[in-house]
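Input: a single structure, listed below in C-alpha cells.
Every read-out reported here was derived from the displayed coordinates using simple, explicitly stated rules and does not represent laboratory data. All values reported here derive from a predicted model rather than from experimental measurement. In this analysis, Cβ positions are derived from the backbone assuming ideal geometry, glycine residues included, and neighbour counts consider all displayed protein chains.
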Amino acid sequence: MTSMTPRPFPHDFLFGVATAAYQIEGAAFEDGRTASIWDAFTRVPGAVVNGDNADVACDHYHRYRDDVALMKDLGLQTYRFSTSWSRVRPDGGAVNRAGVDFYSRLVDELLDAGILPWLTLYHWDMPQALQDAGGWTNRDTVERFVEYAGTVHDALGDRVGVWTTLNEPWCASFLSYTGGEHAPGHTSIAEGLLASHHLLLAHGRTVEELRSRDANLNLGITLNHTVADPADPQNPADVDAARRVDGQFNRWFLDPIYRGAYPADIVEDIRAVDPEAVSLFESAIHEGDLAAISARIDTHGVNYYHGDLVAGSAPADAPVSGGPATARPGRSPYPSDAGIHSVERGLPRTAQNWEVQPEGLTRLLRRVWEEYARPAGTMLSVTENGAAYDDVVGDDGLVHDDDRTRFLRLHLDAVLDAVESGVDVRGYFYWSLLDNFEWAWGYDKRFGLVRVDYDTQERTVKDSGREYARIIAARAL
Ligand code: BG6
C-alpha cells in the first residue's frame with residue numbers, strides 16, 4: 001500500500017461485482033413470480049430493520065439494461081448474479097417461461113456488453129410453498145432444487161459457462177434455521193443441521209447433474225468464511241473458542257465438500273449440547289450423500305467480510321460472536337456457542353460494526369488453498385468482499401466515500417499478497433454493484449459502488465466505483 005510502484009494483477013485475473021436476485025430485482029409479484037421465504041419473512045414484524053421489504057428494491061428487473069450499461073462503463077469484466085427460484089419455478093412447481101426469459105435477456109445483454117455472466121442458482125430465495133413443506137429441512141427439497149437447476153441450465157447453458165450452486169450455505173442453514181436472523185427465522189439446532197446437510201446435498205447433486213450434461217462447465221460453490229483468532233493464543237479456552245467458531249463456520253462446509261466427511265470434533269461438540277438434534281442429523285445422512293457432496297468442483301468462491309477475535313470466557317454481557325444483526329430476539333447461529341465471545345482489537349469498523357481486517361483475507365486464501373483447494377485441483381475466486389458505510393451525498397451531488405475506497409484498495413492488496421505467495425486466485429467480485437436490500441438490515445446499510453436513490457431509482461457512481469474502474473483499466477493497484 002505504501003509503495004508508489006503500481007502492483008499489477010495477473011493477466012487473466014477477472015474483475016467483477018456481485019449482486020443477488022432478491023436484493024435488487026424488485027418486481028416481486030410480476031410476470032408469474034410468487035412469494036419466496038424472504039417475501040414472507042419481510043412481513044414478520046421486527047424481522048427487518050424499518051420493516052423494509054424488497055417488493056421494488058432497485059427495480060433491476062425493469063432497469064437491467066441500464067445497469068448492464070453502467071457495468072460496461074465501469075469496465076467490469078464479469079458479473080456475478082443469481083437467478084430467482086420463485087421466478088423460474090414459482091412455488092417450486094411448473095416452469096414460468098416469463099421468468100426464464102428475463103434471465104435470458106439479461107445474459108444476452110451482458111454478453112453484448114462483453115461481460116462474462118457468473119451465475120448463482122441459490123442466493124436464499126426459496127419458494128415459500130416449499131418452505132411450507134419444511135424447506136431445507138425436507139429432503140425432497142433437494143430434488144426440487146436439482147429440477148430448478150436443470151431448468152435454468154436448459155435455458156442458459158448455451159451462454160453461461162460459470163455455475164455456482166449455492167451462495168453461503170452457512171447463512172441459508174445456521175443463520176436462518178438456528179440463529180433466526182434470516183428467513184425462515186427459525187431457532188432450532190436440529191433444523192440448522194438438517195438444512196446444512198440438505199443444502200450441501202443439493203449442491204452435490206446439482207454438480208453431478210450439470211457435469212453429466214456438459215463436461216466443460218465451470219462448476220462450483222460460494223462459501224462465506226471467517227478467520228477466527230484466539231484472543232490469547234496461550235489460553236486454552238480462547239484457542240478452543242477459535243476452533244469451535246472455525247469448525248462451525250468454515251470446516252462444517254469445507255470438510256464434506258473436499259473430504260466427504262463432517263468435522264468429527266464439531267459433531268461431538270454439538271452432540272454434547274443437543275444429542276437428539278445430532279441423531280436426527282445423522283439419520284438424515286443417507287448412503288451416497290457424502291460422495292455426492294464431495295463431487296469435484298472447479299471453482300470455490302470465497303466470500304470474506306471480516307475476521308473474528310474470540311475468547312472462551314468473558315464477562316456475561318460480552319457479545320456472543322456471530323450473534324443477530326438486528327434487535328429481533330434470536331439465538332446464536334452456532335449450535336455449540338457456550339462461552340464464545342467476540343473481543344475488541346481496535347481495528348477500524350464498518351457501519352455494521354464489522355472489523356476491517358484485510359490481512360485476514362490473505363491468510364484465509366492461503367489456508368483454503370493449501371488445505372483444501374490445491375489438493376483438489378480447484379481454483380479460487382473472491383466472490384464477495386465489501387463494506388457498508390454511512391454514505392453522504394455531497395453538495396456536488398456525488399458520494400465521496402473515501403472509507404469504502406480505502407477498504408477496496410486494502411482488500412485488493414491483500415488478494416495480491418495471496419497471489420504472490422502462490423495462491424491461484426482467479427478473480428475478485430466487489431459486493432455490491434448497487435446499494436440494495438441488505439436482508440435483515442433492509443435499506444439501512446449501503447454497500448454499493450453505485451448509490452441508489454430509492455425514491456427515484458437514480459444511480460450515482462460513488463468515488464469508490466470510479467476508483468475501481470481506474471484499477472480495472474490499469475490492471476494494477
Ligand atoms: C453476504 C451475502 O453474506 O453478505 C450478501 O452473500 C449480503 O447477499 C452481504 O448482502 C452483506 O451482508 P448483510 O447481512 O449486511 O446484508
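Observations
- Model label sites at Arg363 and Asp55, defined 7 Å from Cα along the beta-carbon direction, differ in position by 4.6 nm.
- Whether segment 115-243 is rounded, prolate or oblate, judged on the alpha carbon gyration tensor where a/c under 1.5 counts as rounded: oblate
- Trypsin sites (Lys or Arg not before Pro) within segment 339-387: DSSP coil, no more than 13 neighbouring Cβ in 10 Å: Arg345
- ³J(HN,Hα), Karplus 6.51/-1.76/1.60, whole Hz, each residue of segment 282-291, x for Gly, Pro: 5, 6, 7, 8, 8, 4, x, 4, 5, 5
- In segment 324-477, Cα pairs under 8 Å separated by at least six residues give a relative contact order of 23 percent.
- Since only Ala242, Pro10, Ile257 are under comparison, the one whose Cα sits farthest along the positive direction of the charge dipole of the chain, derived from C-beta charges on Lys, Arg, Asp and Glu, is Pro10.
- Peptides 34-47, 115-128, ordered by how many other C-beta atoms sit within 10 Å of their residues on average, highest first, read 115-128, 34-47.
- A simple rule links phi to the HN-Hα coupling: the Karplus curve 6.51 cos²θ - 1.76 cosθ + 1.60 with θ = phi - 60°, which for segment 395-412 gives 4, 7, x, 9, 10, 9, 8, 4, 5, 6, 4, 5, 4, 4, 5, 4, 6, 5 Hz, with x for Gly and Pro.
- Applying the Karplus relation 6.51 cos²θ - 1.76 cosθ + 1.60 with θ = phi - 60° to segment 364-373 yields 3J(HN,Hα) values of 4, 4, 4, 5, 5, 5, 5, 8, 10, 5 Hz, where x marks Gly and Pro.
- When you restrict to C-alpha pairs under 8 Å that are six or more residues apart and normalise by the size of the chain, the relative contact order lands at 18 percent.
- Long-range HN-HN contacts of Asn138 with modeled amide H, under 5 Å: none
- Amide H within-cut-off set for Ile221, under 5 Å, with H built and near neighbours excluded: Thr165, Thr299, Gly301
- Whole-angstrom gap from segment 191-236 to segment 84-132, using each part's C-alpha centre: 21
- FRET efficiency estimate (nearest 0.05) - Cβ-Cβ, Glu282 to Ser212, R0 25 angstrom: 0.30
- Computed packing ranks the peptides 93-106, 129-142, 300-313, 161-174 as 161-174, 300-313, 129-142, 93-106, most packed first, by mean other Cβ atoms within 10 Å.
- Peptide ranges 52-61, 202-211, 289-298, 449-458 listed from the most packed, as the mean C-beta count within 10 angstrom indicates: 202-211, 52-61, 289-298, 449-458
- Shape of the chain, Cα gyration tensor, a/c cut at 1.5: rounded
- At R0 = 41 Å, FRET efficiency that the Cβ-Cβ distance of Glu420 and Ala98 yields, to 0.05: 0.30
- Overall form of segment 39-161 per C-alpha gyration tensor (a/c, 1.5; a/b vs b/c): oblate
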